[in-house]
């Protein structure tokens, strides 16, 4: 809930008396003469805290430059150390925790806004409940930084999202306080219910608390879980963290955007419902007077009145069987602690939903003001909020995809784009700006997005579904049953294919080649560089009789020449290309693995080998003549892809076998992602662990040729 | 957002938040040749009064269904026209006034949420000055918080009351049965 921008003299007095509350400033909108207020106002505001030495603000900067002292937080290693604090000290702890989060993220990068919004909630939860016996689940997990700091991982926060460091989401193998691994959204109510039922079956008495955001509430799984929870009537607490941010990056390129979906307005109505209260008070007065046995009847009346008069949102939860409490100010520790204590001490509650209203990015002025609330940031300077974004000659594949799609859509007015609450991540915010009527954000609902696209395709439109490779897993049945079975021409643009770096295995797109290429009607392709991506977008736009998909990784392009006007040329379906002709050894890559093959080729060249490098372009339909030619003309054939087993390599194997090419003398070896989940880390580290670096490819070649010494040389030369 | 704004912004209660301009208008109006600070009561009074007549859309010269782009263009044009630095000396006061109004109009209309609120007010026939609304909103926010507290306190007491006889014999939900089972087991021990 956005607080107003207050700049009137009358307000300063009340703000100064409540130093914890920080009012956001839309300073870029206020006219020049007013700006005189701001630095002074800020300096007055952040100061007063009981005891302790604090760094002071220099004029102009709106936050500390040096990490402030955190005397109280220094005494907390685990939640049990918090149990003796007073509520006043909890407030101080929350402030210190907030500054700790900001300074940690400023050094490592990561998710900032969401963590800042739940600082008070985290403190209250750990104060009232007894983790790890009581289970606290964090949906998505990107807001779990304060939780990690309070649960024994403060000293490791500098390794956040790095190789062998803390994961950016909750992870069971990392700590016993992380009771469920998250990364994709909307899973905690389901998991929490499972834990509650398990507890009941074993006769235990611990509490289960599932924290879920309003964005995650737009996914169907949340309703499935609530429906089941209401039916089973097991004791559990669901905390709905409502900050009115449904999509990421919570803004378009031009400014803030109201949340997607009808649910958000229902939640807003809940927050602002006045007339209800008066009527209920009256009703209560009446029942008090009646008293005695009439109380039962009166209680029933009260319940019906509540259902009828309260905002329709709370009735929704009540209908599903969850007892609704709220809305509650999520930044007021007093309120949170008293509510949680009350609910904790009440026996036999059944499922309870506490509607907590927070502000994303709260407590860090730059985050509060930013359109994207500093959801995901790289390293930044805490005092000025400036992020240290590296500069690059090329842009990301995401941007290239958006530009390609815009160029196609200029030419063809039937092209529409669909994404699931990921306008920034898929680049479709660019498309939205250009074609506001043709871009659809459906909220976190990948399944609906795919079937929605299928419906659009029925009407003759050309839908492009931009969903991350790993989120496509959610919509698999819809892809098979609603799209592929009926042969509807829906185009799937799968970003973040392959290894993704700091986000780790929860976001890794390892399986999309496997699960897309086994579908009978799907055309499956992958570009090896950004120019190929432009051509493949054009190709997908041109394929109008069957579904198609293409995948591209996280990261920037390599710097090839782009087609003029960003308009690609449709490729011939089922035809690959051969960038380098050679002999004896053939490296057949799929997607950006071709770049690794090219690098491996130059490594091999220094050892006197001149391999052929081929780009398959299509996994389905395979370029049979290309593969036949490679198998017949070379001694060694190595296929490389950034995907799991069952993908490109397996399709090649199938073809080789059926075509009797394996009966000959060619030695074929596949290089795929290994049969394990690769942990988060830098992309280079991940590739090394997966065994897909150019050195690995070259070493494999030598191993197959029997030249073990050269293989070892190459592997030890890399570093 | 269907909320209490419509109720409380009636002319009668409006006066509670709105600075009454009549006392200030009685002060002699002096024309300053130099720039006037925004905090001055006189200018604020004049602005408040003037604002009541013209809607933000009319002020910017666009239709009520104008897009963000149109709003931006209109704002830029008018801002350039009325900025105190570029206005002729005799028109400075008037232009500053206009400039401030235009800027408020832009602030409100460019934020989709604020625009939605404003459109609603407009439909109800109110031209609430942005300044008044801001103050009003803050007070409302504080009131809201108290409102919320009362609400959840009553919800909590309700919850406690309900949980008393929740697991009475009649309740056959899975959870109730498990809880009864657990209670019986612990009684035996």
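General observations
- Every residue from region A:322-334 that is touching a residue at least 60 places away in the same chain (Cβ under 8 Å), at the interface with another protein chain (Cβ under 9 Å from one of its Cβ atoms) and surrounded by 24 or more Cβ atoms within 10 Å (Cβ to Cβ): A:326, A:327
- Hey, residue A:315 surrounded by fewer than 20 Cβ atoms within 10 Å (Cβ to Cβ), modelled with pLDDT under 90, within 14 Å of another protein chain (Cβ to nearest Cβ) and in a loop (DSSP other than H, G, I, E, B) or not: no
- Qualifying residues in region A:152-164 (those that are more than 18 Å from the chain's Cα centre (by Cα) and in contact (Cβ under 8 Å) with a residue 24 or more places away in the chain) - the one farthest from residue A:75 (Cα to Cα): A:163
- From the options A:168, A:117, A:109, A:113, residue that is on the phi > 0 side of the Ramachandran plot and under 20 Å from the mean Cα position of the chain (by Cα): A:109
- Test for residue A:658: is it more than 30 Å from residue A:503 (Cα to Cα) and in contact with a helix residue (DSSP H, G or I) (Cβ under 9 Å, 6 or more places away or on another chain): no
- Scan of region A:556-566 for residues that are under 26 Å from the mean Cα position of the chain (by Cα) and surrounded by fewer than 18 Cβ atoms within 10 Å (Cβ to Cβ), ordered by number: A:556, A:558
- Test: residue in region A:77-87 that is surrounded by 13 or more Cβ atoms within 10 Å (Cβ to Cβ), farther than 28 Å from residue A:163 by Cα and modelled with pLDDT under 90: no
- Of all residues assigned to region B:116-134, at least one qualifies as being within 10 Å of chain A (Cβ to nearest Cβ) and at pLDDT 65 or above.
- Residue ID - farthest from residue A:632 (Cα to Cα), chosen from residues in region A:665-674 that are assigned to a loop (DSSP other than H, G, I, E, B) and at pLDDT 95 or above: A:674
- Only residues that are modelled with pLDDT of 80 or more, in contact with a helix residue (DSSP H, G or I) (Cβ under 6 Å, 6 or more places away or on another chain) and away from chain A (no Cβ under 14 Å) were counted across region B:63-81, and they come to 1.
- With a requirement of 2 or more residues that are under 14 Å from residue A:551 (Cα atoms) and in contact (Cβ under 8 Å) with a residue 12 or more places away in the chain, the strands (runs of 3 or more DSSP E) lying completely within region A:612-654 that satisfy it span A:618-620.
- Residue B:100 satisfies every condition listed in (1) at pLDDT below 80; (2) within 10 Å of another protein chain (Cβ to nearest Cβ); (3) touching a helix residue (DSSP H, G or I) at 6+ places or on another chain (Cβ under 9 Å) except (1).
- Positions within region A:335-393 being out of contact with any helix residue (DSSP H, G or I) (no Cβ under 6 Å at 6 or more places or on another chain), within 13 Å of chain B (Cβ to nearest Cβ), assigned to a helix (DSSP H, G or I) and more than 27 Å from residue B:178 (Cβ to Cβ), in sequence order: A:335, A:338, A:369
- Of all residues in region A:556-591, those satisfying the criterion of being more than 16 Å from residue A:639 (Cα to Cα) and not in a loop (DSSP other than H, G, I, E, B) are A:556, A:564, A:565, A:566.
- Filter result (more than 9 Å from every other protein chain (Cβ to nearest Cβ) and either surrounded by fewer than 24 Cβ atoms within 10 Å (Cβ to Cβ) or in a loop (DSSP other than H, G, I, E, B) (or both)) within region A:200-216: A:202, A:206, A:207, A:214, A:215
- Criterion applied to A:184, A:207 was being more than 26 Å from residue A:266 (Cα to Cα) and in contact with a helix residue (DSSP H, G or I) (Cβ under 8 Å, 6 or more places away or on another chain), and the one residue passing it is A:207.
- Unmet criterion (only one of (1) in contact (Cβ under 8 Å) with a residue 24 or more places away in the chain; (2) assigned to a helix (DSSP H, G or I)) for residue A:89: (1)
- The sole residue among B:104, B:93, B:97 that is touching a residue at least 12 places away in the same chain (Cβ under 8 Å), within 18 Å of the chain's Cα centre (by Cα), more than 24 Å from residue A:433 (Cα to Cα) and surrounded by 15 or more Cβ atoms within 10 Å (Cβ to Cβ) is B:104.
Residue-by-condition table, conditions (1) touching a helix residue (DSSP H, G or I) at 6+ places or on another chain (Cβ under 9 Å); (2) in a helix (DSSP H, G or I); (3) surrounded by fewer than 24 Cβ atoms within 10 Å (Cβ to Cβ); (4) at pLDDT below 95:
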{"site": "A:120", "(1), (2), (3), (4)": "yes, yes, no, no"}
{"site": "A:125", "(1), (2), (3), (4)": "yes, yes, no, no"}
{"site": "A:132", "(1), (2), (3), (4)": "yes, no, yes, yes"}
{"site": "A:136", "(1), (2), (3), (4)": "yes, no, no, no"}
{"site": "A:140", "(1), (2), (3), (4)": "yes, no, no, yes"}
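- Just one residue in the set A:306, A:269, A:274 is modelled with pLDDT of 65 or more and either crowded, with 16+ Cβ neighbours inside 10 Å or facing chain B (nearest Cβ under 8 Å) (or both); that residue is A:269.
- Some residue of region A:186-197 being in contact (Cβ under 8 Å) with a residue 12 or more places away in the chain and not in a helix (DSSP H, G or I): yes
- Residue selected from region A:217-232 under the condition within 14 Å of chain B (Cβ to nearest Cβ) and in contact with a strand residue (DSSP E or B) (Cβ under 7 Å, 6 or more places away or on another chain), by the criterion nearest to residue A:127 (Cα to Cα): A:229
The values are calculated or read from the model by the stated rules, or taken from the named source; none is laboratory data. Nothing here was measured: the structure is a model prediction, and the numbers come from that model. Using ideal geometry, Cβ is built from the backbone for each residue, glycine included, and neighbour counts are taken over all protein chains shown.
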